[in-house]
Amino acid sequence: MATYEGMRWVKCDFQVQTPEDAAHWADAETRLSEPRRPLADQPPAADGSATPRRPDETSIQEVARTFLQRCHEVGLQMVGITDHNFSHKSDPRDWFLTHLVEQNRRVARELGREPLAIFPGFEVDIGYHVLCLFGPARTQRHIWRVNQILTRLGLVEDRRFVRGLPQELRNNNENVSLKTLLEVVQGEHGGMVIAAHSDQNDGLLENARNRHDYQLPQLLAVEVTAQPVPERYREILAGRDRDWGRADRPLALVMSSDAKSLKVDPQTQEPGPNSLGYRHTWVKMSKPSIEALRQSFLDSESRIQLKGLNPADAQNHPRILSVEVRGARFLDDLAVSFSPNLNCVIGGRGSGKSTLLEYLHFALGDGPEVAKDEDPALQKKKTQLVNSLAGGGEVRVAFETAPGLRDVLVYRPGPAGQPNRTIEGREVIDLGTILRQLRASFFSQGELSRMTSGAGGQAHVLQIIDAAAAVELQANASHEAELKVRLNVSFQARRDASELATRLQVITQELQELDRQLEARQSVRDDSRRHQGAVEAQTFFDGLKDSVSDETESLAASGVFLRNQYSVEPTDHWPMTEWLNGSLAKVNAARAALADEVDAALRTFRGKMDEAVGADASSGFLQEVDGISQAFIQACEAKGLKPEDISKLTELMDERKAKDADRQKVAERHEVARASAARLPDLLQQLHQVWRQRFAIRQRMAESIQQSMSQMARIQTTYMGDFESFMAQWRRVMPQDGREKLSKRWDELGTAVHHVWRARASEEAPWETVELASYDTDLALQLATQTREDLLPLLAAHLNSKDVSRVWEDVRTTRVGDGIDVELVTREGVVVGSMNGALSEGQRNTLLLNLLLARGDGPIIIDQPEDELDSSFIYKNLVDDFRKVKSRRQLIVATHNANLPVNGDAELVLALKGETGRGRIQAQGGLDRKEVVEAVLDIMEGSEQAFRRRSEKYHF
């Protein structure tokens with residue numbers, strides 16, 4: 001992965017004192033000896049003569065190493081060495097700072113860390129204490145320059161201390177003013193002035209006579225010792241105290257340890273007051289420099305955070321770590337590491353900035369596949385970009401979906417332009433699942449305009465709201481799906497109940513007809529009934545005997561089976577053959593004994609069955625049955641009935657019995673279906689409540705998103721207010737024959753239904769208006785008034801027809817889309833227009849982008865958003881949006897508008913330039929890098945405000 005060149009958080013301590021200031025240094029074990037470099041004997045020369053004694057720097061170097069090690073232990077990356085009045089020593093080799101700088105790299109190397117950025121400087125008293133810092137020192141020459149500046153300001157080396165105490169800064173017996181100090185330190189020597197511990201007794205804010213110094217525009221930062229700042233000073237620093245008011249921007253606030261010790265509290269093991277590490281400031285910069293400090297003080301809201309842990313550790317959002325392009329036709333091989341915050345890709349035409357973003361899109365988004373309705377020019381561009389990687393080109397993208405979960409995706413064009421995407425180093429079953437965790441959103445050139453055209457803006461606004469409320473909506477959707485299943489069952493039950501009721505009527509009528517035929521034979525009806533009972537009784541008795549006979553035969557077969565003997569053929573390789581044969585014999589004997597017992601039991605059982613149902617036992621029953629049958633035959637003959645009539649009577653009676661059983665089953669099924677169908681109104685009401693809950697979720701989320709938007713916008717939501725969504729469902733049940741009156745007036749009728757439903761503000765869905773109107777005369781009259789004719793009878797007949805009824809049931813369980821709109825409101829509360837109304841394309845796009853930024857934490861990659869946005873909103877709103885959002889989600893933006901990287905304070909600016917038809921990196925890093933500043937000035941155009949801010953940051 002490429003080295004990251006952008007801005008990062010650096011832990012800084014701007015006010016660190018050292019053993020150089022013996023009067024204030026608290027640690028005896030690290031105090032410097034006097035002399036600091038005692039003379040030490042040297043080995044004799046080769047000829048045996050004595051050699052001159054040389055200064056021994058071992059002790060001061062060891063203290064310097066101890067000091068540096070402690071800086072690393074407390075995590076400092078930048079320290080400002082601000083001993084009072086620099087030093088009372090004149091020899092640079094006696095300065096502690098000299099050895100601190102010289103030992104810096106060695107100590108860092110031993111600890112496996114980067115060397116500290118050591119800003120040399122001094123603390124002076126001009127009536128209150130002031131820190132003066134200069135660029136990082138790497139050689140003794142840098143330190144000597146700082147000493148000379150203090151001399152020029154009026155404190156020559158032999159007058160800086162009297163009896164070991166530092167003296168006020170005076171020049172020609174006059175106090176040096178802050179204005180002079182700022183002119184010399186910042187204006188002439190490129191340093192930085194900070195008012196030290198301004199909220200203490202010897203600080204800037206303590207005395208009202210200092211307010212004119214406080215108001216100097218060249219003063220950019222003050223040090224505070226408490227967070228939050230005490231109330232009396234907070235009013236001044238917040239600009240609410242008119243006497244202390246600054247015409248320009250507020251001052252940057254920093255915190256420092258004012259260290260005079262390296263020790264920690266013995267109980268807590270934490271640094272105590274005035275110990276190294278007690279207080280610190282996080283500063284965002286590419287690398288420590290005075291220019292980085294100056295820009296941070298000018299934009300402290302974005303670049304400074306007091307105390308606490310590294311702000312970067314709190315940013316756990318998904319991010320794209322780097323992109324590497326190899327073998328592309330339009331780009332040189334390049335590798336870029338992105339900031340987790342705001343990244344701006346800049347460059348002139350043909351520099352490849354859009355190409356780079358499209359490559360990211362190919363790899364992490366939906367690939368280069370072309371949508372059916374996509375603009376032909378975009379289709380052509382995508383094809384060209386895919387072809388530009390043909391022949392071995394590839395795009396490698398490292399990304400992190402959660403802390404510690406890093407992957408590298410390799411994208412190469414496959415056959416016929418199809419993407420070939422793999423995750424390096426591991427097998428992946430479904431790449432889409434991994435990429436969805438990154439939650440990256442891509443917006444190519446012109447895409448915002450395409451999204452807001454027609455009804456697209458409403459759809460995307462609703463998508464944004466639904467994505468933000470995904471968890472609640474998922475639970476709501478699950479409940480809806482469950483209710484729909486139950487409703488489908490209930491609708492089916494209603495149809496079944498109707499069909500079964502009809503069938504029940506038919507069966508009842510058939511039974512009546514059978515009774516009439518049987519009634520014609522009323523004269524033999526009693527005999528017939530007795531005969532029928534006798535026949536049924538004999539059938540039962542015969543079945544009982546057959547069952548007993550089957551059981552007996554089964555038991556007999558068991559006895560035969562048990563008499564079959566097990567046998568075994570012993571072989572030579574079996575162990576304990578004799579024992580096996582013995583066991584087998586015992587088993588066979590036991591089985592034979594059991595067979596005997598079964599035979600004995602069976603004989604007993606047969607005897608008892610003969611007693612129960614044998615010929616002797618049943619002779620009386622059979623005689624009775626035969627007597628009844630004979631009596632029935634005689635009765636028929638006596639009435640002159642023919643034998644076939646007797647047979648028909650029996651069939652009729654059998655048929656009636658079967659028909660009556662069928663009637664009972666149908667009646668039972670009808671009752672079950674009717675009960676299920678009876679639950680339909682309650683289920684529909686529950687469904688409508690779920691739909692209302694979904695709207696409430698969206699409404700709450702819309703309000704929450706609105707509060708997150710810096711844009712003056714108002715999101716309007718309307719329950720089932722999407723008329724087109726309603727009409728799309730309404731037309732599903734439209735009559736097929738366009739010549740019918742109902743078909744010709746179908747849309748008019750649908751409009752009337754929706755209008756009446758909206759006017760009633762009903763809790764039910766619009767479809768229920770149709771159902772209710774069938775028995776609500778007032779509602780029916782309202783519909784008739786809207787259509788100027790009562791079309792309800794035709795409508796009811798149509799919806800109840802077999803061809804349409806099931807579709808109508810599905811429509812009744814289909815939710816109409818909610819209405820959504822976003823109004824643009826001025827700061828005075830005046831509505832400029834809405835996304836669905838009188839807003840320009842740029843204003844609509846601005847609103848949509850504002851919404852996109854307001855919610856979510858995945859990376860947003862946008863190609864030249866300023867081309868599609870209303871220009872008046874870019875500086876006023878979009879920049880604020882970017883600044884607000886970049887701490888919680890990654891932004892990668894290709895742009896040619898200076899407002900975005902400069903006023904948005906981009907953590908990484910990637911400047912590309914085109915040469916011989918290929919894009920290559922011109923510069924990359926934060927705005928505190930000289931080469932990046934030059935690239936911005938060379939490439940970009942901006943508004944008056946952007947130029948003003950740039951002039952302050954870059955001195956042009």
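The values are calculated or read from the model by the stated rules, or taken from the named source; none is laboratory data. The structure displayed is predicted, hence computed values, not measured ones. So basically every Cβ, Gly included, is an ideal-geometry build from the backbone, and we count neighbours across all protein chains shown.
Mind checking which residues of the stretch 435-458 are among the polar types (S, T, N, Q) and more than 18 Å from the chain's Cα centre (by Cα)?
Those that are among the polar types (S, T, N, Q) and more than 18 Å from the chain's Cα centre (by Cα): Ser444, Gln445, Ser449, Thr452, Ser453, Gln458.
Could you please let me know if Leu165 is loosely packed, with under 13 Cβ neighbours inside 10 Å, of a type outside the set (Phe, Trp, Tyr) and closer than 30 Å to Glu34 by Cβ?
Taking the combined requirement at face value, the residue satisfies it.
Checking Asp821 against (1) acidic (Asp, Glu); (2) part of a helix (DSSP H, G or I); (3) touching a helix residue (DSSP H, G or I) at 6+ places or on another chain (Cβ under 9 Å); (4) not assigned by TED's automatic domain parsing to the domain that holds Ser351, which test does it fail?
Just one mismatch for Asp821, condition (2).
Can you name the residue in the stretch 459-494 that is more than 29 Å from the chain's Cα centre (by Cα) and not charged (D, E, K, R) and, of all such residues, is surrounded by the fewest Cβ atoms within 10 Å (Cβ to Cβ)?
My answer is Val485.
Being at negative phi and not in a helix (DSSP H, G or I), is that true of even one residue in the stretch 473-487?
No, that holds for no residue.
Search the stretch 863-897 for residues being more than 23 Å from the chain's Cα centre (by Cα), surrounded by 23 or more Cβ atoms within 10 Å (Cβ to Cβ) and outside any helix (DSSP H, G or I), and hand back the single one that is modelled with the highest pLDDT.
It comes out as Ala894.
Restricting to the stretch 898-929, give me the number of residues that are surrounded by fewer than 21 Cβ atoms within 10 Å (Cβ to Cβ) and among the small types (Gly, Ala, Ser).
Total satisfying the criteria: 2.
Kindly list the number of the only condition in (1) over 36 Å from the mean Cα position of the chain (by Cα); (2) surrounded by fewer than 14 Cβ atoms within 10 Å (Cβ to Cβ) that fails for Gln707.
Going through the list (1) over 36 Å from the mean Cα position of the chain (by Cα); (2) surrounded by fewer than 14 Cβ atoms within 10 Å (Cβ to Cβ), Gln707 breaks only (1).
List, please: which pairs have Cβ atoms under 9 Å, are six or more places apart or on different chains, and start with a residue in the stretch 65-76 that is touching a residue at least 24 places away in the same chain (Cβ under 8 Å) and end with one that is surrounded by fewer than 22 Cβ atoms within 10 Å (Cβ to Cβ) and among the basic types (Lys, Arg)?
Correct list of pairs: Arg65/Arg106; Leu68/Arg106; His72/Arg113; Val74/Lys11; Gly75/Lys11; Leu76/Lys11; Leu76/Arg70.
Among the candidates Gln474, Gln445, Gln463, which residue alone is within 22 Å of Gln707 (Cα to Cα) and polar (S, T, N, Q)?
Matching residue, one of Gln474, Gln445, Gln463: Gln463.
For the subset of the stretch 209-227 comprising residues that are of a type in the set (Val, Ile, Thr) and assigned to a loop (DSSP other than H, G, I, E, B), which member is surrounded by the fewest Cβ atoms within 10 Å (Cβ to Cβ)?
My answer is Thr225.
For the stretch 275-284, check the following and say yes or no: at least one residue is surrounded by fewer than 20 Cβ atoms within 10 Å (Cβ to Cβ), modelled with pLDDT of 90 or more and of a type outside the set (Phe, Trp, Tyr).
Checking the stretch 275-284: not a single residue is surrounded by fewer than 20 Cβ atoms within 10 Å (Cβ to Cβ), modelled with pLDDT of 90 or more and of a type outside the set (Phe, Trp, Tyr).
Restricting to the stretch 103-117, and then to whatever is of a type outside the set (Lys, Arg) and touching a residue at least 40 places away in the same chain (Cβ under 8 Å), can you tell me which residue is surrounded by the fewest Cβ atoms within 10 Å (Cβ to Cβ)?
Checked the stretch 103-117; the qualifying residue surrounded by the fewest Cβ atoms within 10 Å (Cβ to Cβ) is Leu111.
Please go through the stretch 101-149 and pick out each residue that is of a type in the set (A, V, I, L, M) and assigned to a loop (DSSP other than H, G, I, E, B).
Answer for the stretch 101-149, where residues must be of a type in the set (A, V, I, L, M) and assigned to a loop (DSSP other than H, G, I, E, B): Leu116, Ile126, Ala137.
Which condition number does Asp905 fail, the rest of (1) farther than 30 Å from Leu385 by Cβ; (2) touching a strand residue (DSSP E or B) at 6+ places or on another chain (Cβ under 9 Å); (3) modelled with pLDDT under 85 being met?
The one condition Asp905 does not meet is (3).
Provide a single number: the residues in the stretch 904-931 that are aliphatic (A, V, I, L, M) and either free of Cβ contacts under 8 Å to residues at least 60 places away in the same chain or touching a Leu at 6+ places or on another chain (Cβ under 7 Å) (or both).
Matching residues across the stretch 904-931 total 4.
Answer yes or no as to whether Ala497 is in a helix (DSSP H, G or I), surrounded by fewer than 19 Cβ atoms within 10 Å (Cβ to Cβ) and hydrophobic (A, V, I, L, M, F, W, C).
No.
Looking at (1) modelled with pLDDT of 90 or more; (2) in a loop (DSSP other than H, G, I, E, B), can you tell me which one Tyr233 breaks?
It fails just one condition, (2).
Out of all the residues in the stretch 432-458, which are among the basic types (Lys, Arg) and either surrounded by fewer than 16 Cβ atoms within 10 Å (Cβ to Cβ) or not in a loop (DSSP other than H, G, I, E, B) (or both)?
Arg436, Arg450
I'd like the residue in the stretch 173-201 that is more than 50 Å from the chain's Cα centre (by Cα) and part of a loop (DSSP other than H, G, I, E, B) and, out of all such residues, is nearest to Arg303 (Cα to Cα).
Once the filter is applied, the top-ranked residue is Ser177.
Taking only the stretch 127-146 into account, find how many residues are modelled with pLDDT of 95 or more and closer than 16 Å to Asn171 by Cβ.
Selection size over the stretch 127-146: 2.
Read through the list (1) assigned by TED's automatic domain parsing to the domain that holds Asn903; (2) in contact with a Ser or Thr (Cβ under 9 Å, 6 or more places away or on another chain); (3) surrounded by fewer than 23 Cβ atoms within 10 Å (Cβ to Cβ), then give the number of the only condition that Gly327 fails.
Exception for Gly327: condition (2).
Quick check on this structure: which one of Gln699, Gln707, Gln782, Gln736 is at pLDDT below 90 and within 30 Å of Lys886 (Cβ to Cβ)?
Criteria check complete, one pass: Gln707.
For the stretch 724-767, give me each residue that is part of a helix (DSSP H, G or I), surrounded by 14 or more Cβ atoms within 10 Å (Cβ to Cβ) and touching a residue at least 60 places away in the same chain (Cβ under 8 Å).
Once the filter is applied, which keeps residues that are part of a helix (DSSP H, G or I), surrounded by 14 or more Cβ atoms within 10 Å (Cβ to Cβ) and touching a residue at least 60 places away in the same chain (Cβ under 8 Å), the stretch 724-767 yields Ser725, Phe726, Gln729, Trp730, Val733.
Going through the stretch 244-259 one residue at a time, which ones are modelled with pLDDT of 90 or more and either over 24 Å from Asn310 (Cα atoms) or of a type in the set (Gly, Ala, Ser) (or both)?
Answer for the stretch 244-259, where residues must be modelled with pLDDT of 90 or more and either over 24 Å from Asn310 (Cα atoms) or of a type in the set (Gly, Ala, Ser) (or both): Trp244, Ala252, Ser256, Ser257, Ala259.
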